[in-house]
Structures are given as C-alpha cells and as structure tokens.
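Reading through the structure tokens given below for one structure.
The values are calculated or read from the model by the stated rules, or taken from the named source; none is laboratory data. Worth saying up front: this structure is predicted, and the values here are computed from it rather than measured. Methodologically, a virtual Cβ is constructed for each residue, glycine included, from the backbone with ideal geometry; neighbour enumeration extends over all protein chains shown.
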Amino acid sequence: MRVALFVTCLVDFFRPTIGFAAVKLLEAAGCTVEVPRAQTCCGQPAYNSGDRANAKAIALQVLDAFEGYDHVVAPSGSCAGMIRVHYPELFADDPAVLPRVQHLAARSWELVSFLVDICGMRKVSARWDREVAYHDACSGLRELGVRDQPRRLLASVGGLSLNELAGAETCCGFGGTFCVKYPDISDKMVSDKEAEIVKTRAAAVLAGDLGCLLNIAGKLHRHGRRIEVRHVAEVLAGMTEETPPIGVRR
Amino acid sequence: MLATSSTFEANARAGLANPILQRALALMQSGFPERRRLAIERLPEFEALRDIGESIKDHTLEHLDFYLELFEANVLASGGQVHWARTPDEARAVVLQICRSVDAKVVTKGKSMIAEEIGLNEYLEKNGIAAVETDLGEYIIQLRHEPPSHLIAPAIHLMKEQVADTFRAEHCSLDPARSLAEARQLCDEARAVLRPRFLAADVGITGANFLVAETGSSIIVTNEGNGDLTQTLPRVHIVMTSLEKLVPTLEDAATLLRLLARSATGQEFSAYTTMSTGPRRPGDLDGPEQYHVVLLDNGRSALLGGEFQDVLRCIRCSACMNHCPVYAAVGGHAYGWVYSGPMGAVLTPSLIGIAKAGHLPNASTFCGRCESVCPVKIPLPKMMRHWRERQFAEKLYPPVYRAGLSLWAWVARRPALYHATVELFSRALGWAGKDRGRFRSLPLANGWTAVRDMPAPEGRSFHRLWAERQKAGARR
Amino acid sequence: MSKAREQILAGVRRSLKRGRLDATRETALQERVSAHQRNLVPARAASMDHAGRVDLFVAMAEEVQATVVRVASPAAVPEEVARYLAAENLAADLVLAPDPGLDAFPWDARPLLRIRRGRAEAGDTVSLTPCFAAIAETGTLMLVSGAGTPTTLNFLPDTRIVVVNDRQVVATYEDGWDRLRAAGALPRAVNFITGASRTGDIEQRIELGAHGPRRLHIIVVDDRQKAGDGEDE
C-alpha cells in the first residue's frame, strides 16, 4: 500500500522522532511511505477559531498534496479527525469539491488504528521494561474510536505493563488555543490529569497526540516529576533508546 | 435573571479558588457519571433509544407549528387555558394577571428554568406576591439569594455546612441549639418548614419536561414530590414552559422518559413522573380548579431552521455538564446565567446575545464528551464552533488574536516559507533549550509557562530531516 | 394574547422557511398522532411472561426502597396493613381512597384500624390507595386521579400503602398508556411513582422523604386462583 504520512505541525516542529517512528511502523506493516512536501498543517487552529475561510484554504492545500495515495496516515487523532470528520463538514455546501474531500476523508487515518484495523497488525517486536499509563486523547477517542488499538499493541511490547489510568478519557486541558485562552482552567485540568498519572505509580505516560503530551510533560516537569512522557509510536517502534523523553535533554 | 457571563474569566477564577466549591464539584464528578454508566449498562437498548429520541425531537421541531396548535386544542378541550408569550415581559405579565385574578398572596414553585430565565420570582415579589421555591436545592439558593448552578441540582455547589448555616440564619423561629450536622436533619427541617407553605399556596407554578401534543398534557419529573404538591394543592396550576418541550404522543414521551432519568441521575425512573391534563374534573376531591400553560418563545422560534436548531432537542437532563471537565473545574455560576455547562454554552448566546456570552462557547477544548453522553445526540462542540464562526465574522475576537491567527494561516498556505520558518525556529528554540530540554519561561508564551514547562524542540524539523535522509538514501 | 400566538406561529414557519402545512401533510401528521405507534420497547419486561413480570416489578420496586409484600387473597389485605403499621410503629390511623375497589377488602375484620375515606388532609400520616397499573420494567406504580382516587393521597401522608392486583402488573409504560386510553377520558393527573420521595440535593447523598412520602409499602394481591383457572398466562 502506498501511504502518505501527514506529519502534523507539532511533530514537525517539536519532535520529528514521532514522524520517524510512524514511518518505521508503517514500513514494518508492509507499506511504502512517502511524505508530500506541500503539507503544512491540517487547518484545525483556523477551524476551531471560527475562521472557515482559512481552514478551507488549508484543507484544499492538503487535498492537493495528498492526491493519489492509497491512504493518508497521521500520528495524531486530532489531525486525522480534522481530515476524516471535519473536512467533509467544511465542504458540505461545496458540491464541486465535496466528492474529492470525502474521498480523502475516507482514506485518512490515525496511525495506531490504521496499523491495527487496516494493516491487521497484532503485535510489535519492541521491548521496553516499564510500567506505563496511557492517556486517551479526546479527538482520537471520540471522533475516531481509537481506544483498544493502542492497548492491543502495547500489550505486545516486551517487558511493558499497562496501569490503567483513572479518568484516562478525561481531557488533559490542551485543546489547542484553549490552553492559552483560558490558562487557569487548562491548568486545573492538567493538574487533575497529573494527579491521576501519579496515582498509577507508572514510570511513563503515553498518548497518541503530541499536543496532549507537551501539555502533560510540561506540567509533570514543572513539578519535578521524573515520569517519562513519550508518544505511543516511539515505544511501539522500539525507538526509546534513540531520543530522550519529551522535555528531557540529551 | 441578570447575566454575568461577560465576566466569565473572573467568575471562573473565583470558582477555581473556592475550596468549598472544588470539594462539591469533586463529589459531583464521582457521583453522576458513574451512576449514569451503571444505569446504561442495565439497558441494552439505550444507544438505539438515543437515536429514536433524536429523531422524535427533530420530527417535532420540523413540524412545531402543527404540534403547538394540536397541543393547544387539546389543552382547551380538557378545560385548560393556553397563553402565548413572545418575550419574558409578556410571560411575566400573564402570570401576574392570573395570580391577581384569584387574589393570590402566596405562590409555590416547582423547579422551572423558564421561570429563572424571565426572573419571575423577583417580579412577583415586587408585585406583592410571595414566591416560595419548594425544590430543596432551589429553596436553599432562594434563601441565599444565589442563582442555580446546575440544571437539575441547583445547590450542587454547596456543602452541607453552608446549608446548615443558611437554615440557622433564615429559620429563626426554630431552636438555635438544634443539630443540623446531617443531611437527614436538613431535609427534615426543609420538609417541616415548607409543608405549611404548600398548604397555604393560592397558585402553584411548575415547569414542564415535556408537553404532549396528543393529549394537551404537561409532564414533570421530580424526585422529591414537591412538584406534585405544588400543582395539586393550590386552586390554580400554571405550567411555565417553552415551545420546544413538545412531543407528539404518549409513546414518544415514554421513549424520552427512558432516556431522561438514566442520563440525569442514573436512576431507572425518577420517583415522581407526573402527567397533568387540565383542571380538576367534576367529582374530583382535589386538584386545581384552573390549569394554565404559558408557552414562552423568547428566541426559540428564531433558532429553528438554522445552525443551532439541534440545541432545541435538549431534554434538560444535565448529562453534558456532569461530564464536562470545564464545568467540573469552574462550576455552574461561572457561566453567569441560567444555563451552564455545554448546553448553556450553546443556548445562552442565543438567548442573551453572543456579545455578552462570548466566552462560553470559547471556554471549551472540544473534547466531545458532552456530545457523547447527550441522550438526544446534540452536536454541542459543533454548535460552539458555529458561535466562534459568528464571533470571527463579527470581529468580536481581540485584534492581537486575530492578527496572530491571520499571520499563522498566511504562512501555512505557503509550504516553502512555512518549512523554512519551522526549520529556523526549531533550530533556534532547540539550541536555546538544549541544556535543560525545556523552558521554565518563554517570551510570548506566558499563558503556557506560567503553570508548566515548555518542552524544547529536538532542533531540526521533520521535513528537513526527511529530505536529508531521502537524499542520503538516493546517493547510496 | 392572540397577537402573540399568531406572531409566534408565524415566526416558527418563517424559520422553517415555509408557510402553514398543507392539508395532506396535516392529515398525515394527525394520523401519526392517532396511530400513536410504539417506538422501540426494551425487551427487559416485554420479553417475560406474566409471572416473570410480577417478580420483576417486585424486585425493581424494592430496589428503590419500596417494601413489597405478596398476599394470596384480598382477604389478607387488612391484616397485612395492620401488621405493617405495627411493625413500623405507626398509629393505626389511615385515610383510604374512596374508590369502591377497596370496599371488597374485609376492613371490618380489623376494627382497630381507624379508617377515613376521602382525600388527604394536612394531618394525615398514612394513606392507602389502589393503583391503575404496575409497570414491571422499573417497578413503577401508575396511579390516576379521579372521584375515587384523589391525588393528595399520593403525596401528603408520610406513609403510602398501595394495593396492586396481580392482574394490574404490565410490562411497560406503553402497556400502561394503552390501558389508560381504553379506560376512557384522560384523568387530570397520572402519577408514575417509583419508590419513596428522595433528594440528592445535599452533597449528592440520597435522603428519603424530601416532601413526598418517606415510606412506600406495596401489597401485591395474587388472587388468580380465586379469579378462575386459565384466565391468564
């Protein structure tokens, strides 16, 4: 299968390791992976700020950049959700473009659910001796139904045990611009998330969305906690030796 | 009711800093969601019923004029009266006129959000009529001169010590040495204090969870029995309600009732679900002599046929706010008006204007939990986004924010420039943060770094690294 | 006020981008109402036989703090009432619904029960009524107002006793609606009562007896033997 990687702006800027982990996993699943150069962002910041015009312009750019691939895969539930669920809504009143958009949406996926549901991946060969907690990022969970797939693959990681996080499905308080528009409320939400993570006694916390991970890592570090924060793809791809956890220097 | 929604940020901060409220909210979070989950587990058809509930409400809204007329005809046929009110003023005037017509001195009230919306209690008091709230939560906040903070549990923001303090202060004729340490004692005292007021009332005002067009009936759903005492004992029963409460048939009501209690409190059915149709019949030994329905519009008809129509499906269960992490952080009073939580974030701007209520649809991460628990599948985040679109179009956002967004979008539409910029900034920030791996503070990011560290980027952009790897691979 | 009515209806139609519905459409809607079709009905009680439904009714009612006793014949009802009041340490004063259906019980056999027939008044502590139907799916009593069944009996006294005849147990609310329609004109009030009065308004702690009755005692009379064999399933 010819897969195009939707890098996401946060991965591109903050943590390319996640992009490379995604490529490694996709290739292990038998896909050929390309990275279209003309991609920048999915347009969610504009969309969620009510700027439909810019959201549409960026979406059209995505549409063109990702033409012709069997599948489009993003290591992020929120970006994949934007394309899969919200692009058709953005162009609902645009019959000229809508069919192309729906076609793109139908072949766009969040990474881990793509590996399990489409590629049929059942296990990985990675090893990581850790007790981990897993946070379910909201868009992936509620827009795309990503819940069992990461747990399934994590269960196959050698030496890894998963401590279920109470309130795993509760929002961490990132919400894109929300965390800077309403910092007090965001702080409360991420503090609650931190408290739940600490309660699991896990040595690491994982999730499938870098926005959540930056938020959670930032909070844990502010309080001096030594809990490792990584994207689930890094662990599944066995790349935990190559890059330090989020927010930790080399 | 006076709105303080425009000071949402300050309200929220006050809520976050209030330890009693935070304890109360923690109790709520450990209560309602779990009970709802257990109730739904016992009903395998719940998901299917959500779809049906959604379609019943949609069908009714699409034909609302027909069902309103049918409802009215059936109310009249059963001996009741219907009053149509376009605005809060008209609704208040009708209620006053009915009260005056029977020389009413005391009015008891079952819980009615419509009555809150139009400020009915203050209006009646100003006109020399005592309005007594009888729902325990409403009674408590009436004594404290506070607005409700939740759709079904108006006093949820209080702990029992505060209720005890209020009762001591207000129930002056009782023995000051009495113990009020337990919720049981507080309930018993409220029951004893309110019983004579029920009996003395000239008029009883309730809300309506549903109006049934087929029979001209109103349905209230309570657990205390106060709504029933309110509507049965006085000479006059007034139903304060709004247009969108209609459902076509008794069977449709049964379907929605199966969704309501489970979604609200996790009960199989509320203790008292009562359907009223008209005044007492010849031969009845009790019941009101007059039955009035006040149908309020106040902006509902304007929501039909537009992008906010779906919020009119709301059956007032409160599941959305019970599951909302923002509500759980700041409490209901932060929203500043009658309706709080996610449904309040959508409905309030439509009733008091987006200029005043602008914060409400913005104070959301769009986590989507509200929509996932709504018994009638209202797409709440989508409608909050529609409000944001209105604000954007009407330039209601701060100029700095708009400028930042425009600049970012301008660059994002130019991939080559974007990639160069990302590479530049990730190198710069990666270099600046390489010693610690994160920043304790960062210019322009104070909202973030005030309370958390900012992880440093790895120092190269993915696109550049990928391009380099491709070139290296091609050379091999 | 009719100006308000016309403006509101006009506003509704304007928003829905149409005028008044035409006669064909209105007839179709009226037929939908008249047909009052059932929507999806949960299998919980609907899939059971009658005996199962009665058992379910009892179990669900007990879950919501009603006490339930099953007696084999109407003759046992006054005795059960006397027993219950004594067990609860309540005075043997009760107000009974005037409903003639209650005449059939041998109250004379329990002369120590001080019985008044009528509506409830402020000082009443115990009331006893029949019910219209008993809904198995949630242990819900369906009571209707009428000359023989004043509504105040359901709410004023602190202790409620309801006599349910086994044949009144139905599976679902929809079954209740069907019986109601068959009984003729709608009563002023239909009360669906599920358990005792309660509130969670103080710290989410459930307390019974908020304003309505604190105690709900249900006597299920199973007199199928008396009624005749093979009458129901």
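Scanning for something surrounded by fewer than 12 Cβ atoms within 10 Å (Cβ to Cβ) and not aliphatic (A, V, I, L, M), does segment B:447-467 turn up at least one residue?
The answer is no; no qualifying residue exists.
In segment B:122-172, how many residues are free of Cβ contacts under 8 Å to residues at least 24 places away in the same chain, in a helix (DSSP H, G or I), of a type in the set (A, V, I, L, M) and closer than 22 Å to B:Gly344 by Cβ?
1
Going through segment B:254-292 one residue at a time, which ones are out of contact with any strand residue (DSSP E or B) (no Cβ under 6 Å at 6 or more places or on another chain), surrounded by 24 or more Cβ atoms within 10 Å (Cβ to Cβ) and either at positive phi or of a type in the set (Phe, Trp, Tyr) (or both)?
Across segment B:254-292, the qualifying residue is only B:Gly287.
Condition first: hydrophobic (A, V, I, L, M, F, W, C) and over 16 Å from A:Lys56 (Cα atoms). Can you find one or more residues in segment A:78-99 that meet it?
No, segment A:78-99 has no match at all.
To keep it simple, each residue is scored yes or no on (1) within 30 Å of B:Ala393 (Cα to Cα); (2) touching a Leu at 6+ places or on another chain (Cβ under 6 Å); (3) modelled with pLDDT of 95 or more.
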site	(1), (2), (3)
A:Val3	no, yes, yes
A:Asp12	no, no, yes
A:Ala22	no, yes, yes
A:Ala57	yes, no, yes
A:Val62	yes, no, yes
A:Tyr69	no, no, yes
A:Gly77	yes, yes, yes
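Return yes when B:Arg436 is facing chain A (nearest Cβ under 8 Å), basic (Lys, Arg), within 38 Å of the chain's Cα centre (by Cα) and not in a helix (DSSP H, G or I) and no when it is not.
In short, no.
I'm trying to understand the selection: among the residues of segment A:198-226, which are within 13 Å of chain B (Cβ to nearest Cβ) and more than 19 Å from A:Gly175 (Cα to Cα)?
A:His221, A:Arg222, A:His223, A:Gly224, A:Arg225, A:Arg226
Starting from residues that are assigned to a loop (DSSP other than H, G, I, E, B) and facing chain A (nearest Cβ under 8 Å), keep the ones in segment B:367-410 and report whichever is nearest to B:Ala39 (Cα to Cα).
The first filter runs over segment B:367-410 and keeps only residues assigned to a loop (DSSP other than H, G, I, E, B), leaving B:367-368, B:374-379, B:394-398.
This time we only want the ones that are facing chain A (nearest Cβ under 8 Å), so: B:367-368, B:397.
Values: B:Cys367: 23, B:Gly368: 21, B:Tyr397: 42 Å.
Taking the candidates together, the pick is B:Gly368.
Looking only at segment B:341-357, decide whether some residue is within 12 Å of chain A (Cβ to nearest Cβ) and either basic (Lys, Arg) or surrounded by fewer than 24 Cβ atoms within 10 Å (Cβ to Cβ) (or both).
Checking segment B:341-357: at least one residue is within 12 Å of chain A (Cβ to nearest Cβ) and either basic (Lys, Arg) or surrounded by fewer than 24 Cβ atoms within 10 Å (Cβ to Cβ) (or both).
Any residue at all in segment B:58-71 that is more than 30 Å from C:Arg32 (Cα to Cα), more than 10 Å from chain C (Cβ to nearest Cβ) and modelled with pLDDT of 95 or more?
No, segment B:58-71 contains no residue that is more than 30 Å from C:Arg32 (Cα to Cα), more than 10 Å from chain C (Cβ to nearest Cβ) and modelled with pLDDT of 95 or more.
Only one residue in B:Trp387, B:Trp431, B:Trp408 is under 24 Å from A:Val11 (Cβ atoms), in contact (Cβ under 8 Å) with a residue 24 or more places away in the chain and of a type in the set (Phe, Trp, Tyr), so which one is that?
Step by step, each of B:Trp387, B:Trp431, B:Trp408 is checked, and only B:Trp431 is under 24 Å from A:Val11 (Cβ atoms), in contact (Cβ under 8 Å) with a residue 24 or more places away in the chain and of a type in the set (Phe, Trp, Tyr).
Kindly evaluate B:Tyr418 against the criterion of being more than 24 Å from A:Lys219 (Cα to Cα) and assigned to a loop (DSSP other than H, G, I, E, B).
Here the answer is no, as B:Tyr418 does not meet what is asked.
Mind checking whether some residue in segment A:94-113 is within 10 Å of another protein chain (Cβ to nearest Cβ) and either over 30 Å from B:Arg469 (Cα atoms) or modelled with pLDDT of 95 or more (or both)?
No, segment A:94-113 contains no residue that is within 10 Å of another protein chain (Cβ to nearest Cβ) and either over 30 Å from B:Arg469 (Cα atoms) or modelled with pLDDT of 95 or more (or both).
Among the candidates B:Leu417, B:Leu442, B:Leu407, which residue alone is closer than 24 Å to A:Cys171 by Cβ and among the hydrophobic types (A, V, I, L, M, F, W, C)?
Matching residue, one of B:Leu417, B:Leu442, B:Leu407: B:Leu442.
For C:Thr199, only one of the following conditions fails: (1) modelled with pLDDT of 95 or more; (2) farther than 20 Å from C:Leu85 by Cβ; (3) surrounded by 23 or more Cβ atoms within 10 Å (Cβ to Cβ). What is its number?
Just one mismatch for C:Thr199, condition (1).
Within segment B:13-26, take every residue that is farther than 16 Å from B:Ile156 by Cα and surrounded by 13 or more Cβ atoms within 10 Å (Cβ to Cβ) and give me the one that is nearest to the other protein chains (Cβ to nearest Cβ).
B:Arg13
So, C:Ala122, is that one touching a Leu at 6+ places or on another chain (Cβ under 9 Å), exposed (fewer than 13 other Cβ atoms within 10 Å of the Cβ) and within 14 Å of chain B (Cβ to nearest Cβ) or not?
Judged against the criteria, C:Ala122 is a match.
Could you please find all residues in segment A:229-248 being of a type outside the set (Val, Ile, Thr) and in contact with a Leu (Cβ under 9 Å, 6 or more places away or on another chain)? Write out each step before concluding.
Narrowing segment A:229-248 to residues of a type outside the set (Val, Ile, Thr): A:230-231, A:233-234, A:236-239, A:241-242, A:244-245, A:247.
A:Arg230, A:His231, A:Ala233, A:Glu234, A:Leu236, A:Ala237, A:Gly247, listed by residue number.
Failed condition for B:Ser364, given (1) farther than 29 Å from B:Ile52 by Cβ; (2) outside any helix (DSSP H, G or I); (3) within 14 Å of chain A (Cβ to nearest Cβ), with all others met?
Among (1) farther than 29 Å from B:Ile52 by Cβ; (2) outside any helix (DSSP H, G or I); (3) within 14 Å of chain A (Cβ to nearest Cβ), the lone unmet condition for B:Ser364 is (1).
When residues of segment C:163-197 are filtered for being more than 7 Å from chain B (Cβ to nearest Cβ) and in contact with a Cys (Cβ under 9 Å, 6 or more places away or on another chain), how many remain?
Here the count works out to 4.
Considering only segment A:29-70, state which residues are in contact (Cβ under 8 Å) with a residue 60 or more places away in the chain, in a helix (DSSP H, G or I) and more than 9 Å from chain B (Cβ to nearest Cβ).
Within segment A:29-70, A:Gln44 is the sole residue that qualifies.
Being more than 8 Å from chain A (Cβ to nearest Cβ) and surrounded by 12 or more Cβ atoms within 10 Å (Cβ to Cβ) is the filter here, so list the residues in segment B:416-432 that pass it.
Passing the criteria: B:Leu417, B:Ala420, B:Thr421, B:Glu423, B:Arg427, B:Ala428, B:Leu429, B:Gly430, B:Trp431, B:Ala432.
Could you list, in sequence order, all residues of segment C:133-154 that are outside any strand (DSSP E or B), among the hydrophobic types (A, V, I, L, M, F, W, C) and either at pLDDT below 95 or surrounded by fewer than 23 Cβ atoms within 10 Å (Cβ to Cβ) (or both)?
Matches in segment C:133-154: C:Ala147 only.
Can you tell which of C:Leu29, C:Leu9 is in contact with a His (Cβ under 7 Å, 6 or more places away or on another chain), at pLDDT 95 or above and within 8 Å of chain B (Cβ to nearest Cβ)? Give the derivation first.
Numbers: C:Leu9 fails: in contact with a His (Cβ under 7 Å, 6 or more places away or on another chain).
After ruling out the rest, the residue left standing is C:Leu29.
Among the residues of segment A:228-235, is any within 14 Å of another protein chain (Cβ to nearest Cβ), more than 17 Å from A:Gly173 (Cα to Cα) and assigned to a helix (DSSP H, G or I)?
yes
Please tell me if A:Val248 is farther than 17 Å from A:Pro150 by Cβ and over 19 Å from the mean Cα position of the chain (by Cα).
Here the answer is yes, as A:Val248 does meet what is asked.
For segment A:8-22, enumerate the residues that are without any contact (Cβ under 8 Å) to a residue 40 or more places away in the chain and either buried (at least 24 other Cβ atoms within 10 Å of the Cβ) or within 27 Å of B:Ala363 (Cβ to Cβ) (or both).
A:Cys9, A:Asp12, A:Phe13
Count, please, the residues in segment B:189-228 that happen to be assigned to a helix (DSSP H, G or I), charged (D, E, K, R) and surrounded by fewer than 24 Cβ atoms within 10 Å (Cβ to Cβ).
Summing the residues that are assigned to a helix (DSSP H, G or I), charged (D, E, K, R) and surrounded by fewer than 24 Cβ atoms within 10 Å (Cβ to Cβ) in segment B:189-228 gives 4.
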